[in-house]
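Q: Got a structure here, written out as structure tokens. Questions coming.
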Amino acid sequence: MGRKEEGCPVAPLRRILSPVVQPGNDSRSQTRCKPIMTSDPNINSRADDELLLKSAKFSVVRTKTIDRHGRPATKDVIRHPSAVVILPVFEDDRICLIRNHRITVGQDLLEAPAGTLDSGESPLQCAYRELTEETGYCAGNMHPLGWFYLSPGILDERMHLFLATDLTEGQRNLMPDEHIVNEIVHLEAALEL
């Protein structure tokens with residue numbers, strides 16, 4: 001990435017993550033890592049959006065646009081308040097992943113802990129909350145790495161990426177419909193998955 005990230009515990013991960021992180025500015029970070037931009041859930045909403053579906057976590061709208069030839073066009077878009085994804089790393093270079101049953105694909109997937117921002121919640125607050133809820137671990141430090149769009153062809157959801165360090169065991173608080181099991185693996189093995 002060109003510049004040395006002294007004092008940043010994620011320096012070895014930088015070369016892997018550099019294609020997806022976006023620069024930002026967040027003074028809460030205790031390192032010199034690339035911080036996260038603040039997410040505004042209404043940043044992409046337009047006054048002329050036609051609401052097609054409203055659910056508890058997202059909405060689907062038909063938005064008006066102009067195509068590359070200058071003609072009016074419409075596009076169906078999923079509006080989402082954004083989410084966090086957390087890489088919980090132990091001091092011995094092991095990482096806590098979760099095996100999570102996903103109804104949408106009908107199978108258990110090995111994932112990093114993640115979750116949707118609650119109304120009025122910052123990405124940093126959400127990262128601390130989701131880590132504890134899903135894994136039972138508490139982070140002494142949460143290092144922002146950046147953000148990326150998950151599927152910008154249909155979805156405006158931003159995924160805010162964090163590295164969680166100084167982990168201690170706490171109390172897990174799963175939602176009634178969640179079926180999650182922790183899988184702790186060495187970082188090198190996780191990168192090969």
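The values are calculated or read from the model by the stated rules, or taken from the named source; none is laboratory data. Here the structure is a predicted model, which is why all the values come from computation and not from measurement. Quick reminder, even Gly has a Cβ in these numbers, built from the backbone with ideal geometry, and neighbours come from all protein chains shown. These accessible areas exclude ligands, DNA and RNA; they are computed on the full protein's heavy atoms, side chains included. Shrake-Rupley method; radii C 1.70, N 1.55, O 1.52, S 1.80 Å.
Q: Residues being in a loop (DSSP other than H, G, I, E, B) and more than 19 Å from Leu150 (Cβ to Cβ): count how many of those fall in the stretch 96-121. Lay out the reasoning, then the answer.
A: Initially, the stretch 96-121 is screened for residues in a loop (DSSP other than H, G, I, E, B), giving 103-106, 112-113, 117-121.
When the remaining residues are screened for being more than 19 Å from Leu150 (Cβ to Cβ), the result is 106, 119-120.
Total meeting the criteria: 3.
Q: So which residues in the stretch 160-180 are more than 22 Å from Gln107 (Cα to Cα) and open to solvent by less than 50 Å² (accessible area, probe 1.4 Å), if there are any at all?
A: Matches in the stretch 160-180: His160, Leu161, Phe162, Leu163, Ala164, Thr165, Leu167, Gly170.
Q: To continue, here is another question. Identify all residues within the stretch 146-167 that are farther than 18 Å from Leu124 by Cβ and part of a strand (DSSP E or B); write none if there are none.
A: Those that are farther than 18 Å from Leu124 by Cβ and part of a strand (DSSP E or B): Tyr149, Leu155.
Q: Which residue, of Thr165, Thr104, is over 12 Å from the mean Cα position of the chain (by Cα), of a type in the set (S, T, N, Q) and more than 30 Å from Leu51 (Cβ to Cβ)?
A: Just a single option satisfies the conditions, and that option is Thr165.
Q: If you don't mind, there's one more thing I want to ask. For the stretch 119-159, which positions are β-branched (Val, Ile, Thr) and open to solvent by 40 Å² or more (accessible area, probe 1.4 Å)?
A: Ile154
Q: Check Asn100, Asn173 and return the single one that is at pLDDT below 95, in contact with a helix residue (DSSP H, G or I) (Cβ under 7 Å, 6 or more places away or on another chain) and under 22 Å from Ala56 (Cα atoms).
A: Among Asn100, Asn173, only Asn173 is at pLDDT below 95, in contact with a helix residue (DSSP H, G or I) (Cβ under 7 Å, 6 or more places away or on another chain) and under 22 Å from Ala56 (Cα atoms).
Q: Could you tell me whether the stretch 44-55 includes any residue that is closer than 26 Å to Glu178 by Cα and within 19 Å of the chain's Cα centre (by Cα)?
A: no
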